[in-house]
Ligand SMILES: NC(=O)c1ccc[n+]([C@@H]2O[C@H](COP(=O)([O-])OP(=O)(O)OC[C@H]3O[C@@H](n4cnc5c(N)ncnc54)[C@H](OP(=O)(O)O)[C@@H]3O)[C@@H](O)[C@H]2O)c1
């Protein structure tokens, strides 16, 4: 599993990680087994949030990482309505308790909300000083909001921006990715399989993926994941509650696509024009 620097943090993180949205709806034992198998296979970036199952996903993660905390790059998120300075501190304590750990590797603001960003960032910095988080980031932030973060925090503090990114939704390539590259901010692709809308083999795009997959003795989903992490600031966090899905996703971490194959995929799933606002799920 390829690992790379996560923004300006001094941590190397696997290019493919594990999402946990709706993991609490799956059979609990299977979901925990899948997360643990993911860790065995190097999918050590686990993404969760206080929102998922109103905390239930964090509790599933706690069981999965029990006894293995040191292996994990653990990320959780504060809801915008909780993201005042005091509210962020309290939300983090609740997440730590549910996750049964004393620290997060990265703590994110789930999307921009009504509380002033300065308050959330002040809380993140407090949490960092207290050793409760190692780094912080944002999610669903377009360039103007990212600029505000840098104005408040300065360069080098924002670790990542977690955003919607899959073959059929490439809006972040217009401005968010270039901005994050310029500022050394990691971009984490969420819903990399389109949250259940993966291109079928009957579509022209699906056929292109299949042809490339066959050339590598890989699968179409492995090809898709590798395309999404083709630049050095990119990471992806597919969610999988089934063991066979976990193994397949982990296999994407070592696949190498040629420039010609990347161009083929690029043409099969056109970028589209820049939308007025950043799409989110
Ligand atoms: N920051 C945000 O606002 C935000 C928003 C959305 C998501 N996220 C994060 O991103 C993660 C991933 O996104 P997502 O959960 O929306 O959707 P996703 O990862 O695009 O798709 C998940 C679906 O794909 C299936 N799947 C996974 N691997 C597969 C494989 N190899 N073959 C066939 N099917 C496979 C899963 O099935 P099984 O579960 O049955 O294995 C599940 O139904 C979330 O879990 C969450 O952590 C963040």
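Let me know the shape class of the chain, please: from the alpha-carbon gyration tensor, a ≥ b ≥ c as square roots of the eigenvalues, rounded when a/c is under 1.5, otherwise prolate if a/b is greater than b/c, or oblate. Verdict is oblate for the chain. With a Förster radius of 51 Å, plug the Cβ-Cβ distance of residue 97 and residue 256 into 1/(1 + (r/R0)^6) and report the FRET value to the nearest 0.05. For residue 97 and residue 256, the calculated efficiency is 0.75. Full extension of the chain segment joining residue 200 with residue 181 gains 3.7 nm, where the gain is 0.36 nm per residue of separation less the Cα-Cα distance.
The protection proxy used here, the mean number of other Cβ atoms lying within 10 Å of each residue, ranks peptides 122-129, 181-188, 201-208 as follows, highest first: 181-188, 122-129, 201-208. Length available on full extension from residue 5 to residue 173: 0.36 nm per residue minus the Cα-Cα distance, which gives 58.5 nm. Take the Cα of residue 129, step 7 Å toward its Cβ, do the same at residue 242, and the gap between the two points is 4.9 nm. Cα centroid separation, the stretch 119-178 to the stretch 240-278: 22 Å.
Taking 0.36 nm per residue of separation and subtracting the Cα-Cα distance, full extension of the segment from residue 25 to residue 69 would add 13.5 nm.
Inter-part distance, the stretch 1-25 to the stretch 26-48, computed on C-alpha centroids, equals 12 Å. By the gyration tensor of its Cα atoms, with a ≥ b ≥ c the square roots of the eigenvalues, what is the shape of the stretch 110-225: rounded for a/c under 1.5, prolate for a/b over b/c, or oblate? Here the stretch 110-225 falls in the prolate category.
The overall shape of the stretch 68-148, judged from the alpha-carbon gyration tensor, is prolate: a/c is not under 1.5, and a/b is greater than b/c. Using the rule -39500 (n - 2.57) for each DSSP H run of four or more residues, divided by the residues of the chain, the 222 nm mean residue ellipticity is -11500 deg cm²/dmol.
Laboratory data are not the source of any read-out in this text; all were calculated from the coordinates shown. Please read all numbers here as calculations on a predicted model, not as lab measurements. In this analysis, Cβ positions are derived from the backbone assuming ideal geometry, glycine residues included, and neighbour counts consider all displayed protein chains.
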